[in-house]
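The values are calculated or read from the model by the stated rules, or taken from the named source; none is laboratory data. Keep in mind that what you see is a predicted model, and the values were worked out from it rather than measured. We place every Cβ from the backbone using ideal geometry, glycine too, and count neighbours over all the protein chains shown. When the accessible area is computed, the model is the full protein with side chains, heavy atoms only, and any ligands, DNA or RNA have been set aside. Shrake-Rupley method; radii C 1.70, N 1.55, O 1.52, S 1.80 Å.
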Amino acid sequence: MWRRCGALGRALALRGLPGLAPGAAGRRTASGPSPPARPGLPCGTAAAGSQLGQSKDYALPNASWSQDMLDLYNRFLDMTKDGLWKRIPSYNNILDHIPESMKLTYEKRKDTRLFLRSIDAEGAGFEYVMFLNTSEKRVVCLFQPGSYLEGHPGFAHGGSIATIIDSTIGSCAISVAGKVMTANLSIDYVNPVPLGSVVLVDSKADKVEGRKVFLSCKMQSVDGNTLHAEATALFIQLDATKAQKQQASCQ
Ligand SMILES: CCCCCCCCCCCCCCCC(=O)SCCNC(=O)CCNC(=O)[C@H](O)C(C)(C)COP(=O)(O)OP(=O)(O)OC[C@H]1O[C@@H](n2cnc3c(N)ncnc32)[C@H](O)[C@@H]1OP(=O)(O)O
């Protein structure tokens, strides 16, 4: 346990994030904004959905999260305390991510789902949580790929890796420029990602030129020793008139 947490600390430090504090090493459950535990889940993990009618936030620990995922999650939660980092909630409908004022321009459709949240079984699909650092124009995603994301036996499908990278970089681009779409995404797949492992997807907006946002991203193992993928992307801030036309064409 100590050895694993030491490696985790080194991995975080490599990225300019504070290393794991010794006091945090023995903790086995997640802290922070978790709702009350339900029977069968470890203390402090997320209950399935709200009883009060609001959307379920999926970016909270559940029973499928490995110890590495929980350790990393707790480390990032600690980093939110000074306000520099923020956890991004995650819903299965994109409209729940959109501010109320902007929702008026969208037709509410309940039959659609955010692709990343299309698999219901806990731990089988995309288990992830993202953290945003606005001043650094950076979004880090903790990602644990589940068994339904298989490509080659035992490893995550390249499309699932592209999806989590696009979404992490995309969230970063949204935080910088609002309504954006991916125009270009280029990925070098360096080492395969074992199913059930935990990787850090670390994205940053490097440059903004008019409506163009240029970003880059690295996907690495928790111990920082394995580079799984590197990516660059171009996101375009939507032109208001063109965006209205696009919206009209899909209704
Ligand atoms: C606070 C945080 C909250 C987070 C909350 C989380 C929410 C939960 C996560 C969800 C995160 C989802 C993230 C997924 C994001 C997708 O997956 S989006 C889906 C995939 N992308 C698409 O379908 C886009 C399809 N393409 C298009 O619609 C249009 O081509 C675009 C991209 C909107 C651009 O069209 P346009 O606005 O007409 O732009 P256009 O005038 O042609 O070009 C503008 C400039 O960009 C350049 N450009 C355009 N395309 C390219 C290109 N491919 N290569 C190079 N240059 C280009 C042009 O040359 C031009 O350059 P300048 O002449 O100005 O120098």
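Considering each residue of the stretch 55-72, count those that are in a helix (DSSP H, G or I) and surrounded by fewer than 17 Cβ atoms within 10 Å (Cβ to Cβ), and give that number.
Selection size over the stretch 55-72: 1.
Which numbered condition in (1) within 13 Å of the ligand (Cβ to nearest atom); (2) free of Cβ contacts under 8 Å to residues at least 40 places away in the same chain; (3) under 24 Å from Arg117 (Cβ atoms) is the only one that Cys217 fails?
All conditions are met except number (2).
Looking at Tyr106, Tyr148 in this structure, which one is in a loop (DSSP other than H, G, I, E, B) and either modelled with pLDDT under 95 or open to solvent by 60 Å² or more (accessible area, probe 1.4 Å) (or both)?
Tyr106
Of the residues Val199, Val213, Val208, which single one is at pLDDT 95 or above, surrounded by fewer than 20 Cβ atoms within 10 Å (Cβ to Cβ), hydrophobic (A, V, I, L, M, F, W, C) and touching a strand residue (DSSP E or B) at 6+ places or on another chain (Cβ under 9 Å)?
Sole residue among the options that is at pLDDT 95 or above, surrounded by fewer than 20 Cβ atoms within 10 Å (Cβ to Cβ), hydrophobic (A, V, I, L, M, F, W, C) and touching a strand residue (DSSP E or B) at 6+ places or on another chain (Cβ under 9 Å): Val208.
Filter the stretch 73-97 down to the residues that are more than 30 Å from Arg109 (Cβ to Cβ) and in a helix (DSSP H, G or I) and list them by number.
Correct list: Tyr73, Asn74, Arg75, Phe76, Leu77, Asp78, Met79.
For the stretch 229-241, which residues satisfy the criterion of being surrounded by fewer than 22 Cβ atoms within 10 Å (Cβ to Cβ) and not aliphatic (A, V, I, L, M)?
Glu230, Thr232, Gln237, Asp239, Thr241
Within the bounds of the stretch 182-195, is there any residue that is charged (D, E, K, R), in contact (Cβ under 8 Å) with a residue 40 or more places away in the chain and farther than 25 Å from Phe76 by Cβ?
The answer is yes, given that some residue of the stretch 182-195 is charged (D, E, K, R), in contact (Cβ under 8 Å) with a residue 40 or more places away in the chain and farther than 25 Å from Phe76 by Cβ.
If I filter the stretch 109-129 down to residues being of a type in the set (Asp, Glu) and open to solvent by 80 Å² or more (accessible area, probe 1.4 Å), which single residue comes out as modelled with the highest pLDDT?
Asp120
Output yes when any residue across the stretch 221-229 is within 21 Å of the chain's Cα centre (by Cα), within 16 Å of the ligand (Cβ to nearest atom) and closer than 30 Å to Gly123 by Cβ, and no when none is.
Scanning the stretch 221-229, I find no residue that is within 21 Å of the chain's Cα centre (by Cα), within 16 Å of the ligand (Cβ to nearest atom) and closer than 30 Å to Gly123 by Cβ, so the answer is no.
State whether the residues of the stretch 153-171 include one that is surrounded by fewer than 24 Cβ atoms within 10 Å (Cβ to Cβ), assigned to a strand (DSSP E or B) and not charged (D, E, K, R).
yes
Quick one: would you say Gln244 is touching a His at 6+ places or on another chain (Cβ under 9 Å) and either open to solvent by 50 Å² or more (accessible area, probe 1.4 Å) or assigned to a strand (DSSP E or B) (or both)?
No, not satisfied.
Could you list all residues from the stretch 230-248 that are farther than 23 Å from Ile164 by Cβ and within 11 Å of the ligand (Cβ to nearest atom)?
Residues satisfying the conditions are Asp239, Ala240, Thr241, Lys242, Ala243, Lys245, Gln246.
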